[in-house]
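Remarks on the structure that follows.
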Amino acid sequence: MSAPIRILIVDDHLIIREGLRLIFDTVPELELVAEAVNGQEALVHVDAHLPDLVLMDLQMPVMDGITAIETLRQTHPELAIVILTTYKEDDLLLRGLKAGARGYLLKDTDRETLINTIQAAARGETLLTPDILNRVLNYQQEETVSKNIVDNPLSEREFEVLEMVADGARNKEIAYKLGISERTVKAHLSHIFQKLNVDSRAGAVATAAKSGIL
């Protein structure tokens, strides 16, 4: 049996932290190792507890979630971060994904989606709900109406891979559908990240959507 996913909750509302704690207590694959009430505390707890994943709120006192994500992406690039927020602002959604979050959930999400998103993020994958993905793409359309859309720097195969990533496909599924190895899929993703100047699947989707590539 594999080790449980070690989680840090970052939220300034006690009732949210308590609710998440109750959920994690019922899932053997998940282990809550620490809680923080703002981004600054989160940085301290990450250093102290070395969690596998951080559930990050966005609007908090002292240090907001976006700033904390950007800092953690520099200091702990391997750390999985999932945004869990009550805010539906599309600008925050794109900023969070571009900053390096691997998922974005609203606090009214159901238990199964929460757990599935955490597990996907811990595997290094991106799992965006259809609602969130639609918001990303719709926001891109609105933002680029009066702007020049950048040239697509991706090759045809890289674009195919990115489209499948946006649909939530895992590396194994992408490899099967395209008739290539998982190692080749990872190589394509590495090239996509480099060309789009991002370091995560969610960041690639967000950046490609905002620029009009997707």
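A short reminder: the numbers here are calculations on the coordinates, not readings from a lab. What you are looking at is a predicted structure, and each value in this text was computed from that prediction instead of being measured. Methodologically, a virtual Cβ is constructed for each residue, glycine included, from the backbone with ideal geometry; neighbour enumeration extends over all protein chains shown.
Below are the figures for this structure:
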{"quantity": "Degrees, to the nearest 10: 182-196 long Cα axis against longest axis of the chain", "calculated": "90"}
{"quantity": "Cα-Cα separations in the stretch 5-127 greater than 26 Å, expressed as whole percent", "calculated": "7"}
{"quantity": "Segments 52-65, 93-106, 174-187 sorted - mean Cβ within 10 Å per residue, highest first", "calculated": "93-106, 52-65, 174-187"}
{"quantity": "Neighbourhood net charge (10 Å Cβ-Cβ; Lys/Arg +1, Asp/Glu -1) for Ala121", "calculated": "+1"}
{"quantity": "Acute angle (nearest 10 degrees) that the helix 201-211 long axis makes with the longest principal axis of the chain, alpha-carbon atoms", "calculated": "50"}
{"quantity": "Separation in nanometres of the label points that stand 7 Å from Cα toward Cβ, at Arg21 and Glu163", "calculated": "4.7"}
{"quantity": "Between 0 and 90°, nearest 10: helix 39-49 axis offset from the chain longest Cα axis", "calculated": "80"}
{"quantity": "Dimensions in Å of the chain - Rg and Dmax from alpha carbons", "calculated": "17.0, 53"}
{"quantity": "Linear extension gain, Thr75 paired with Ala3, 0.36 nm per residue minus alpha-carbon span", "calculated": "23.6 nm"}
{"quantity": "Projected label distance in nm at Lys172 and Lys107, using a 7 Å step from Cα toward the beta-carbon", "calculated": "3.5"}
